1. Quick check on region 17-30: of everything there that is among the small types (G, A, S) and modelled with pLDDT under 95, which residue is farthest from the chain's Cα centre (by Cα)?
2. Checking A96 against (1) hydrophobic (A, V, I, L, M, F, W, C); (2) outside any loop (DSSP other than H, G, I, E, B); (3) at pLDDT below 95, which single condition isn't satisfied?
3. Taking the condition of being loosely packed, with under 13 Cβ neighbours inside 10 Å, part of a loop (DSSP other than H, G, I, E, B) and of a type in the set (A, V, I, L, M), how many residues in region 1-14 meet it?
4. Just the residues that are in a loop (DSSP other than H, G, I, E, B) and either among the acidic types (D, E) or touching a strand residue (DSSP E or B) at 6+ places or on another chain (Cβ under 8 Å) (or both), please, taken from region 74-86.
5. Taking the stated definitions as given, is T8 among the hydroxyl-bearing types (S, T, Y), over 17 Å from the mean Cα position of the chain (by Cα) and more than 18 Å from L92 (Cβ to Cβ)?
6. Quickly run through region 15-41 and pick out the residues that are farther than 14 Å from C75 by Cα and either crowded, with 16+ Cβ neighbours inside 10 Å or hydrophobic (A, V, I, L, M, F, W, C) (or both).
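The values are calculated or read from the model by the stated rules, or taken from the named source; none is laboratory data. The model shown is predicted, which means the values in this text are computed figures rather than measured ones. Cβ coordinates were reconstructed from backbone atoms using ideal geometry, including for glycine residues, and neighbour counts include every protein chain displayed.
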Amino acid sequence: MEAITGITRGGTPYTPTFLTALDQSTCIGCGRCYKVCPRDVFELLERDEDDEAYDEDEDNAMVMSIANAMDCIGCGSCARVCPKQCHTHQSLPAGA
């Protein structure tokens with residue numbers, strides 16, 4: 001199957017890249033991707049105390065999770081605001 005493609009208002013073709021993964025081991029739980037996402041793709045969760053990234057003295061008791069991956073529109077806003085580059089995106093066929 002071919003990847004989804006679109007056309008801008010100016011007529012330029014583009015291929016959106018959709019969120020496929022989020023690396024929770026590098027996520028600092030800042031919530032920037034959550035705030036910028038127009039489709040509620042993310043969910044902020046409390047990090048388990050057993051998680052090696054958890055540090056009670058630091059402000060990293062939260063971690064981002066993908067809640068609704070199928071709602072991603074491929075805008076890439078989350079990746080642009082992430083200070084730790086936790087997001088993985090790729091072009092996908094419809095329904096994938």
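1. Here the answer is S25.
2. Condition not satisfied by A96: (2).
3. The total comes to 1.
4. Scanning region 74-86 gives G74, G76, C86.
5. Yes; evaluated as a whole, the condition is true for this residue.
6. A21, L22, Q24, C27, I28, G29, C30, R32
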